[in-house]
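The values are calculated or read from the model by the stated rules, or taken from the named source; none is laboratory data. Bear in mind the structure is a predicted one, so any value in this text is a computation, not a measurement. Reconstructed Cβ throughout: ideal geometry from the backbone, glycine too, with neighbour counts over all protein chains shown. For accessibility, only protein heavy atoms count, side chains too; no ligands or nucleic acids. Shrake-Rupley method; radii C 1.70, N 1.55, O 1.52, S 1.80 Å.
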Amino acid sequence: MSSIIIWDVALLITLMVIGVPVALTFVAAALFLIFMGEYGNTSFLITSGFSKTSSMVLLAIPLYILAGSIMTNGGIAKRLLDLADSIFGHYRGGLGIVTVVTTAIFGAISGMASSAVAAIGSIMIPRMVEKGYDRGYATSLVSCSAVLALLIPPSATMILYGWVTGTSITAAFLAPVIPALLLICLFCFWNFILTRKMPLVIEEKPDFKTARQNIFLKTRRAGFGLAMPLIILGFIYGGVTTPTEAAAVAVMYALPVAFWIYKEMTWNSFYEAVWKAAQVTAVLMLVIFCASMLARVLTFEDVPQQILESLLAITDNKILLLLLVNLFLLLIGMFMEDVSGILLAAPLLLPVMNEIGVHPVHFAAIIGTNLGMGLITPPTAPILYFGTLIGGVKLPQIIKPTLVFVFLTYLPVVLLTTFIPELALWLPRLVTGL
């Protein structure tokens, strides 16, 4: 392997470890290659970056981000919480279940873990504390369950995975769904266990007729928000639109709902939603542009093949190789957010997966669950740090419950997803005929 590549990767890792923003680390790595590498003129790299960022597929990501921002400012989060609370809120630990379920649904709308933490956490953490939950635990639960946004379609992470690897995006959307459902069940189970000794305030359960009427009322109020992911996925899997066109439909659907049905969006909040989507998109395009140049050089230097040969030199046992790949993905997830992790890991590891007989759609679920676990695994854990800002707590206060969720929730699902391919392949085969 070229020494310039080794130095470039070392620079990338060092900048991430010392806390430089991920987008800037990729910029630095790309500039290092341009000025220090021996790859002819800069058009060799810059042309690659422009060709990648001009892909029509990538237009779906800012559109989904914009749709999610509109629905966030349009009152959808509050209505989803009220609906889930009317169903589960009268049971011990019920608010924890409400948090997990609502975060999963909202994550499907926004497509971003950070948006789910901000929208759900700002409402739910104070409510949980008021009902007797420990603030550190409440913050940890919101932060950990927010990572479900990476797994439940439409997911920006899976769009990028399909684009980078050439895998069907419609199939990649469905690959992590069953692992996500397993995570929801395990979150709810451990929420019940971890809250047994907390002095929770439990509201009196209403009679059946009153409860039914309340659920019906809250469902009607939240119905337009609940319908959004169903419409998007229905259009995609019904063959009506492509994922990119469905993203445009999502924006056109979200606008009248937020402005005229829920009546909670103003022109100022709409401007904020557009500005936020533009900021996220700008950072994302910068990362993709620079990561594409880096990937071009890594491919030119035959790095994926060298990684494959190195792993096969260690062992040719498929189980051990999958464990090594999982460890690699976990480390990437600990230092990078999901977008950067996908851009770096997917093209490097896909040849390894192909060599040992792992289907690309199966690998989509493996990489999604691993990067999700990395986002909440100390010491870096970017989503946990964001959660502490929303919850108003220090990191040590949320470490204990977070480790329970990592080792007893995420890790079992990662291993099940890795070694039971049908968990990832059954739904894509059923829906898309994979």
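When segment 287-340 is limited to residues that are free of Cβ contacts under 8 Å to residues at least 40 places away in the same chain and of a type in the set (Gly, Ala, Ser), the one that is surrounded by the fewest Cβ atoms within 10 Å (Cβ to Cβ) turns out to be Ala313. Out of Glu245, Glu264, I need the residue that is open to solvent by less than 80 Å² (accessible area, probe 1.4 Å) and of a type in the set (Asp, Glu). Which one? None of the others qualify; the one that does is Glu264. Examine segment 294-309 for a residue that is assigned to a helix (DSSP H, G or I), out of contact with any helix residue (DSSP H, G or I) (no Cβ under 9 Å at 6 or more places or on another chain) and of a type in the set (Gly, Ala, Ser), and state whether such a residue exists. Looking through segment 294-309, none of the residues is assigned to a helix (DSSP H, G or I), out of contact with any helix residue (DSSP H, G or I) (no Cβ under 9 Å at 6 or more places or on another chain) and of a type in the set (Gly, Ala, Ser).
When segment 367-384 is filtered for residues that are open to solvent by 10 Å² or more (accessible area, probe 1.4 Å) and modelled with pLDDT under 80, the ones remaining, listed by number, are Pro378, Pro379, Thr380, Pro382.
Being closer than 24 Å to Met124 by Cα, at pLDDT 90 or above and not charged (D, E, K, R) is true for just one of Thr417, Thr409. Which residue is that? Let's see the steps before the verdict.
Numbers: Thr417 fails: closer than 24 Å to Met124 by Cα.
Just a single option satisfies the conditions, and that option is Thr409.
What residue, of Ala180, Ala119, Ala149, Ala138, is more than 18 Å from the chain's Cα centre (by Cα), part of a helix (DSSP H, G or I) and within 28 Å of Ser69 (Cβ to Cβ)? Step by step, each of Ala180, Ala119, Ala149, Ala138 is checked, and only Ala138 is more than 18 Å from the chain's Cα centre (by Cα), part of a helix (DSSP H, G or I) and within 28 Å of Ser69 (Cβ to Cβ).
Kindly evaluate Leu230 against the criterion of being surrounded by 17 or more Cβ atoms within 10 Å (Cβ to Cβ), part of a helix (DSSP H, G or I) and under 21 Å from the mean Cα position of the chain (by Cα). When the stated conditions are applied, Leu230 does not pass them. Residue count for segment 392-434 satisfying the condition of being more than 16 Å from Met373 (Cβ to Cβ), open to solvent by 30 Å² or more (accessible area, probe 1.4 Å) and not aliphatic (A, V, I, L, M): 11.
Would you mind stating whether Tyr385 is at negative phi, within 16 Å of the chain's Cα centre (by Cα), assigned to a helix (DSSP H, G or I) and free of Cβ contacts under 8 Å to residues at least 12 places away in the same chain? Against the criterion (at negative phi, within 16 Å of the chain's Cα centre (by Cα), assigned to a helix (DSSP H, G or I) and free of Cβ contacts under 8 Å to residues at least 12 places away in the same chain), Tyr385 qualifies.
Beta carbons closer than 6 Å, at least 6 apart along the sequence or on distinct chains, pair a first residue in segment 88-105 that is modelled with pLDDT under 80 with a second that is aromatic (Phe, Trp, Tyr) and open to solvent by 10 Å² or more (accessible area, probe 1.4 Å) for Gly93/Phe192.
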